[in-house]
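Novice: Before I ask anything, let me first share the structure, which is written out below as structure tokens.
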Amino acid sequence: MEQNTKEKIENIIKNNEILLFMKGTPVMPQCGFSAAVVGVLSHMGVKFNSVNVLEDAEIREGIKEYSDWPTIPQLYVKNEFVGGCDIIREMHENGELTEYFSQAGINT
Amino acid sequence: MSMTAIEIEELILKTFPDAKIIIDDLRGDGDHYAAQIISEKFRGKTRVQQHQMVYNAMDGKMGKELHALALNTSAPKD
């Protein structure tokens, strides 16, 4: 991964408390798995920012190398990689995600 | 591009020889699977680490030949 791509990724993660790398946008998701995570966050009333990886091929590939996670979507909370679609869904279903957000000082 | 359930199982068993594996073909298109994997190798690992171990066992096929592999991983119950 190019150094400037890595810096671009690091900066955007650092500057956004809750950040979802996804395909498409929250209003127009372009992939079912991305839409599912948007659905969970919206259902919990959590405010988040997103990056449409379909608009930046370098970020789309770079984020997979950055997190050692081969797929999109990817959710970051306070600089930490939380998981992809099935982890977020599983955490939401068993109440872990509410717990995780409250420990991170985020109201749901 | 796609994979069969058997190919996925074989790849996982290479890294997790002790694993008990159940694979569901989610859409019948060879591109979207779910897998439940129980292995001693997961003990003490976070869920993200467990899934990363499985994705790394997929020989670079994750996100390429294989679009989605929804995972449910755990260590054997004592």
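Novice: Determine whether B:Tyr55 is touching a Pro at 6+ places or on another chain (Cβ under 6 Å), within 14 Å of chain A (Cβ to nearest Cβ) and in contact (Cβ under 8 Å) with a residue 12 or more places away in the chain.
Specialist: Yes.
Novice: In this structure, is B:Thr46 within 11 Å of another protein chain (Cβ to nearest Cβ), open to solvent by 50 Å² or more (accessible area, probe 1.4 Å), modelled with pLDDT under 95 and out of contact with any Ser or Thr (no Cβ under 8 Å at 6 or more places or on another chain)?
Specialist: Judged against the criteria, B:Thr46 is a match.
Novice: Here's a follow-up. For A:Ile9, which of the numbered conditions (1) β-branched (Val, Ile, Thr); (2) without any contact (Cβ under 8 Å) to a residue 40 or more places away in the chain; (3) more than 14 Å from chain B (Cβ to nearest Cβ) fails to hold?
Specialist: (2)
Novice: Quick one: is B:Gly30 surrounded by 12 or more Cβ atoms within 10 Å (Cβ to Cβ), on the phi > 0 side of the Ramachandran plot and more than 12 Å from every other protein chain (Cβ to nearest Cβ)?
Specialist: yes
Novice: For B:Lys64, state whether it is more than 10 Å from chain A (Cβ to nearest Cβ) and either assigned to a loop (DSSP other than H, G, I, E, B) or basic (Lys, Arg) (or both).
Specialist: So B:Lys64 does not fit the description; no.
Novice: Further, regarding this structure: Which residue is farthest from the other protein chains (Cβ to nearest Cβ), if the candidates are limited to segment A:82-108 and must be of a type in the set (D, E, K, R) and within 17 Å of A:Ala36 (Cβ to Cβ)?
Specialist: Per the stated criteria, the residue is A:Glu93.
Novice: Restricting attention to segment A:33-92, which residues are hydroxyl-bearing (Ser, Thr, Tyr), without any contact (Cβ under 8 Å) to a residue 40 or more places away in the chain and more than 16 Å from A:Lys8 (Cα to Cα)?
Specialist: A:Ser42, A:Thr71
Novice: Still on this structure, I have one more. Evaluate the following for A:Lys64: is it surrounded by 19 or more Cβ atoms within 10 Å (Cβ to Cβ), under 13 Å from the mean Cα position of the chain (by Cα), closer than 29 Å to A:Asn4 by Cα and among the basic types (Lys, Arg)?
Specialist: yes
Novice: Within segment A:67-107, which residues are farther than 18 Å from A:Glu17 by Cα and under 10 Å from the mean Cα position of the chain (by Cα)?
Specialist: A:Ile72, A:Cys85
Novice: Then there's this: Residues of segment A:72-92 being open to solvent by 10 Å² or more (accessible area, probe 1.4 Å) and assigned to a loop (DSSP other than H, G, I, E, B), which ones?
Specialist: Residues satisfying the conditions are A:Ile72, A:Lys78, A:Asn79.
Novice: Does B:Ser74 meet the test of being of a type in the set (S, T, N, Q) and touching a residue at least 40 places away in the same chain (Cβ under 8 Å)?
Specialist: no
Novice: Does B:Gly60 satisfy the criteria of being under 24 Å from A:Cys31 (Cβ atoms) and of a type outside the set (A, V, I, L, M)?
Specialist: When the stated conditions are applied, B:Gly60 passes them.
Novice: Kindly provide the set of residues from segment A:68-81 that are more than 22 Å from B:His32 (Cα to Cα), within 11 Å of another protein chain (Cβ to nearest Cβ) and of a type outside the set (Phe, Trp, Tyr), ordered by number.
Specialist: Across segment A:68-81, the qualifying residue is only A:Glu80.
Novice: Being surrounded by fewer than 18 Cβ atoms within 10 Å (Cβ to Cβ) and among the β-branched types (Val, Ile, Thr) is the filter; apply it to segment A:12-39 and report the residue that is farthest from the other protein chains (Cβ to nearest Cβ).
Specialist: A:Val27
The values are calculated or read from the model by the stated rules, or taken from the named source; none is laboratory data. Remember, predicted model here, so these are calculated numbers, not experimental data. Every residue, glycine among them, receives a Cβ derived from its backbone with ideal geometry; neighbour counts consider all protein chains shown. Areas reflect the complete protein model, heavy atoms only, side chains present, ligands, DNA and RNA absent. Shrake-Rupley method; radii C 1.70, N 1.55, O 1.52, S 1.80 Å.
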